[in-house]
Amino acid sequence: MRKNKHFLVCISASPSSQAVITAASSAASVYHCRLTGLVVNEDLSPQLQKNIDAAASAGAEIHHTKGRNVIQAIAEYARLNGVSDVYIGKPGPMPFFTFHKDAIARLSSLLPDTDIHVIPDAEVILKPSRLHDVRPQLSWAETGKMLLIMAFATLLSFVVFSSRYPNSNIVTIYILAILVTSVVTAERIYGVASAVLFVFLFNYLFIEPRFSLFVYMPEYIGTYIVSVAAALITSTVAARLKESERTAVESAWQSKVLLDTSELLQHAVDEDDIIRLTSLQITQLLSRSVVFYPIRDDKLQKAQYYPTDNEDQGIPADSKAARWVYEHNHHAGAYTNTFPEEPFQYMSVRVSDKMYGVIGIRMHGRDFTEIERNILLSLIGECALSLENNRNTLQREKMEIIAEKERFRNNLLRSISHDLRTPLTSISGNASNLLHHADALDSASRNQIYTDIYDDAMWLIELVENLLSIARLEDGGSLQTSTEIVQDVIDEALKHVDPHIADHHLIVNKDPNMLMADMNVRLISQVVINLVNNAVKYTPAGSDIIISTASESDKVLISVKDNGPGAREEDKPHLFEQFYTGHHAAADSQRSLGLGLYLCKAIVEAHHGKLTYTDNVPHGACFTFMLKRKEVPDAFI
């Protein structure tokens, strides 16, 4: 694992690129690491500029590069710049992502030590459904097919008629034409129409008296009836086969829509992201604008509007239909009995009786088909489940935080009640001796009692300072920092360390350059004090305690070393844990609540730094922490 993370987000002209940027910037903010936006072989367009601006607003450094192979260019840039994580969109039809089908696999093979994060394309998954009611629909194209087939059959019949073959062959030709028409046309009505047309054409052109509609031979009546019946049966069978095929296609398409939506919602960052993804899916699916009213704290919130690309109509400032759906948990609006004059149809987004929002779809003068309504309800159901899971997760996290704070409080009270008893007992006992027996004590005894009282009081003061600092950090208070001279802060901190430092050899190695860093002076002073006091506490008298400063790239390193016994192997993994003392000795010289190193680590991490422990060869302990270095202003030179 790299010591310093560096995230790279691939930016394209796709609208969905913003989802990739959001995911990368969210991760970078969690790890407090560098974020770079990379544009490869892209001509600047309004959408690309919008995505670049979004990445820049998220704190990314924007870089442009070119290469004959996009994947190769990304991999080369990542290797040269020490990238630890690459965020890239799921390959789709946009220009940047028209890779070979194994593009992600090739990128992974080129960057074996880099984590590749593929973000699904949230904007181009669905196409408009174009699904309509299954009703007989006449068209010039289908009518033309029928007329062309019947015309060809008539010409062929004239050939047979001229050859003086029996008329039964002509009947066969027309019946074949009727069957062909029933199969190749979309609606059953064309098969019936071709059968009726056959009756008229055959009777008018080929039956005596020709060119009239009279029938002198009764056996042809039966032929006509059989032909019409054959047309009806064939058309019915063909229609059912087409309906089965259409149903299968719609079912497969519906399953794909739901799977794609479920995959997208699994990657949603928060509640607003779930609402956005669902609304965009419905907008692209139905080609209709969507309005979503979230419900939070049992109140209907402000509408979020997702129009289609060609939408030029706004939404009402306050929809009575949406309010009615919220209050009655039932759909309303266009094509319903409640507020039918509304341009939107509103539905509740709910799981059982728990509502999470109200969604409205602009109807544009047409109600949903059955398949559209089924898919719409399924998408709304997926949205409701995702919102419920998101809120349950947030609630669980809140409960875990509360439980953790409660555990912290209980552990703190238990540790304080146990470990404070000794110094308080010592202070009260020594004060009682001075109060009642001061005259009987010699000067040396009194001085020893004074020293013991002072040491115990200083230990209590140090404990209170640590507890207050921990409370401020855990309450999430803002960290006020300023640019300070590092050595001045160390010198000031050393004025407040344990007086027993006089029993040790304190060595301060100053860097020849004037080092400045961004810090909160009081908190960093607390770190130095705790580390030095820790060295004083756990090393014998006469030991060396060395404080050193150095610069490394854009960091300032501060270390506190001693040549004492150092940490035991079994203690090293737990040195920075809260309440860990590493021993259970009751001696006052080693009395500890296990808060000092935990506090130091929390303070350094609040400064986006890191506190580490290493052994001081040949023996002893070394604690090192880093701060962000600042350049020395010209006024100090």
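The values are calculated or read from the model by the stated rules, or taken from the named source; none is laboratory data. Remember, predicted model here, so these are calculated numbers, not experimental data. As a convention, Cβ positions derive from the backbone with ideal geometry for all residues, glycine included, and neighbour counts pool all protein chains shown. Surface accessibility is based on the protein's heavy atoms, side chains included, excluding ligands, DNA and RNA. Shrake-Rupley method; radii C 1.70, N 1.55, O 1.52, S 1.80 Å.
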Result of the Cβ filter at 7 Å on segment 438-456, keeping first residues that are of a type in the set (Asp, Glu) and partners that are at pLDDT 85 or above, at least 6 apart or interchain, is ASP452/ASN430; ASP456/ILE427
Selection within segment 493-538 - in a loop (DSSP other than H, G, I, E, B) and either more than 49 Å from the chain's Cα centre (by Cα) or among the hydrophobic types (A, V, I, L, M, F, W, C) (or both)
VAL497, HIS504, MET514, LEU515
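Matching residues to (1) within 30 Å of GLU271 (Cβ to Cβ); (2) open to solvent by less than 80 Å² (accessible area, probe 1.4 Å); (3) at pLDDT below 85; (4) out of contact with any helix residue (DSSP H, G or I) (no Cβ under 8 Å at 6 or more places or on another chain):
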site	(1), (2), (3), (4)
ILE401	yes, no, yes, yes
THR422	no, yes, yes, no
ALA431	no, yes, no, no
ASN447	no, no, no, yes
MET458	no, yes, yes, no
Of the conditions (1) assigned to a helix (DSSP H, G or I); (2) over 24 Å from ASP554 (Cα atoms); (3) at pLDDT below 90; (4) open to solvent by 10 Å² or more (accessible area, probe 1.4 Å), SER25 clears all except one; give me its number.
(2)
May I ask you to verify whether ASP571 is in contact with a Gly (Cβ under 8 Å, 6 or more places away or on another chain) and at pLDDT below 85?
yes
Among the residues of segment 578-587, is any out of contact with any Ser or Thr (no Cβ under 9 Å at 6 or more places or on another chain), crowded, with 17+ Cβ neighbours inside 10 Å, modelled with pLDDT of 85 or more and not basic (Lys, Arg)?
no
Can you confirm whether SER478 is modelled with pLDDT under 85, under 49 Å from the mean Cα position of the chain (by Cα) and not in a helix (DSSP H, G or I)?
yes
For segment 527-551, which residues satisfy the criterion of being touching an Asp or Glu at 6+ places or on another chain (Cβ under 7 Å) and either of a type in the set (Asp, Glu) or buried (at least 22 other Cβ atoms within 10 Å of the Cβ) (or both)?
ALA535, VAL536, ASP544, ILE545
Being more than 19 Å from GLN395 (Cα to Cα), in contact with a helix residue (DSSP H, G or I) (Cβ under 6 Å, 6 or more places away or on another chain), at pLDDT 90 or above and among the aromatic types (Phe, Trp, Tyr) is true for just one of TYR306, TYR293. Which residue is that?
TYR293
Does LEU285 count as open to solvent by less than 30 Å² (accessible area, probe 1.4 Å) and under 25 Å from LEU385 (Cα atoms)?
yes
May I ask you to list the residues in segment 32-78 that are in a helix (DSSP H, G or I), in contact with a strand residue (DSSP E or B) (Cβ under 8 Å, 6 or more places away or on another chain) and among the hydroxyl-bearing types (Ser, Thr, Tyr)?
TYR77
Scanning segment 350-378 residue by residue, those surrounded by fewer than 22 Cβ atoms within 10 Å (Cβ to Cβ) and either in contact with a Cys (Cβ under 6 Å, 6 or more places away or on another chain) or under 18 Å from GLN266 (Cβ atoms) (or both) turn out to be VAL351, SER378
What is the residue count in segment 5-22 for residues that are of a type outside the set (A, V, I, L, M, F, W, C), open to solvent by 10 Å² or more (accessible area, probe 1.4 Å) and in a helix (DSSP H, G or I)?
2
Taking segment 160-183 and keeping residues in contact with a helix residue (DSSP H, G or I) (Cβ under 8 Å, 6 or more places away or on another chain) and open to solvent by 70 Å² or more (accessible area, probe 1.4 Å) leaves LEU176, VAL183
